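Asker: Here it is, the structure, as structure tokens.
The values are calculated or read from the model by the stated rules, or taken from the named source; none is laboratory data. Computed from a prediction, not measured in an experiment: that's the story for all the values here. As a convention, Cβ positions derive from the backbone with ideal geometry for all residues, glycine included, and neighbour counts pool all protein chains shown. Ligands, DNA and RNA are stripped out before the accessible areas are found, and what is left, the full protein with its side chains, is counted by its heavy atoms. Shrake-Rupley method; radii C 1.70, N 1.55, O 1.52, S 1.80 Å.
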Amino acid sequence: INYYLGLLTDGAITTSFLATSKTKKGDIRDKINLDVAIDDKHIDYRELSGGQKTLVNLAIMLSLRRLASTRRRLVPVMLFDEVFASLDSDYSMKVAGVLNDVSKEVSVFIVSHHPVLKDYTGSSISLSYEDKKTRITMPE
């Protein structure tokens with residue numbers, strides 16, 4: 001996970017999974033928790049911004065895909081819907097670059113309104129809705 005977070009955030013965000021947690025009374029419970037640190041300051045995942053959550057979630061998804069592909073033969077496809085919606089332009093470009101690299105291993109399909117993709121995609125399909133009809137445009 002931290003490999004992808006390193007690419008996406010230049011190492012500013014790191015994570016680890018914890019298998020136990022402490023209750024308010026101090027008891028130890030078996031529970032999977034995600035520990036997130038930004039610039040070495042620990043932050044509850046729920047307190048992250050939408051963009052920060054997107055980056056952490058994307059890193060987890062890409063890491064799980066990599067792990068699963070070493071264990072089983074999987075369909076080499078990943079689909080992302082509006083992955084850029086809560087990211088600023090700098091992080092959108094980093095995400096697009098990482099997904100472009102991932103697309104060398106698997107087919108990556110991205111549904112987005114974000115213009116940054118035009119510089120990173122090998123091909124695109126545009127959908128528009130006009131006069132109660134959906135129009136599909138593919139570049140030549």
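Asker: Take R66 and decide whether it is among the basic types (K, R), surrounded by 13 or more Cβ atoms within 10 Å (Cβ to Cβ) and free of Cβ contacts under 8 Å to residues at least 40 places away in the same chain.
Answerer: Working: among the basic types (K, R): yes; surrounded by 13 or more Cβ atoms within 10 Å (Cβ to Cβ): yes; free of Cβ contacts under 8 Å to residues at least 40 places away in the same chain: yes.
So R66 fits the description; yes.
Asker: Filter segment 25-39 for residues that are within 21 Å of the chain's Cα centre (by Cα) and either aromatic (F, W, Y) or part of a loop (DSSP other than H, G, I, E, B) (or both) and give the result.
Answerer: Here is the first cut: in segment 25-39, the ones within 21 Å of the chain's Cα centre (by Cα) are 32-39.
Once the filter is applied, which keeps residues that are within 21 Å of the chain's Cα centre (by Cα) and either aromatic (F, W, Y) or part of a loop (DSSP other than H, G, I, E, B) (or both), segment 25-39 yields only D39.
Asker: Can you go through V56, V108, V95 and tell me which one is surrounded by 12 or more Cβ atoms within 10 Å (Cβ to Cβ) and in a strand (DSSP E or B)?
Answerer: When all the criteria are applied, what remains is V108.
Asker: Here is a further query. Please find, among I43, I32, the residue that is aliphatic (A, V, I, L, M) and within 22 Å of V95 (Cβ to Cβ).
Answerer: Details: I32 fails: within 22 Å of V95 (Cβ to Cβ).
Answer to the selection: I43.
Asker: Report whether or not M61 is open to solvent by less than 40 Å² (accessible area, probe 1.4 Å) and within 15 Å of the chain's Cα centre (by Cα).
Answerer: no
Asker: Here's something else I'd like to know. Anything in segment 111-140 that is part of a helix (DSSP H, G or I) and either in contact with a Pro (Cβ under 6 Å, 6 or more places away or on another chain) or open to solvent by less than 80 Å² (accessible area, probe 1.4 Å) (or both)? List them, or say none. Talk me through it step by step, then tell me what you get.
Answerer: Our first condition is that a residue be part of a helix (DSSP H, G or I); within segment 111-140, this holds for 115-119.
Those that are part of a helix (DSSP H, G or I) and either in contact with a Pro (Cβ under 6 Å, 6 or more places away or on another chain) or open to solvent by less than 80 Å² (accessible area, probe 1.4 Å) (or both): V116, L117.
Asker: Sort out which residues of segment 36-50 are within 18 Å of Y3 (Cα to Cα) and either open to solvent by less than 40 Å² (accessible area, probe 1.4 Å) or of a type in the set (S, T, N, Q) (or both), and write them in order of number. Write out each step before concluding.
Answerer: Here is the first cut: in segment 36-50, the residues within 18 Å of Y3 (Cα to Cα) are 36-40.
Across segment 36-50, the qualifying residues are V36, A37, I38.
Asker: Separate question: Which of (1) open to solvent by 70 Å² or more (accessible area, probe 1.4 Å); (2) touching an Asp or Glu at 6+ places or on another chain (Cβ under 9 Å) does T14 not meet, given it meets every other one?
Answerer: It is condition (1) that T14 fails.
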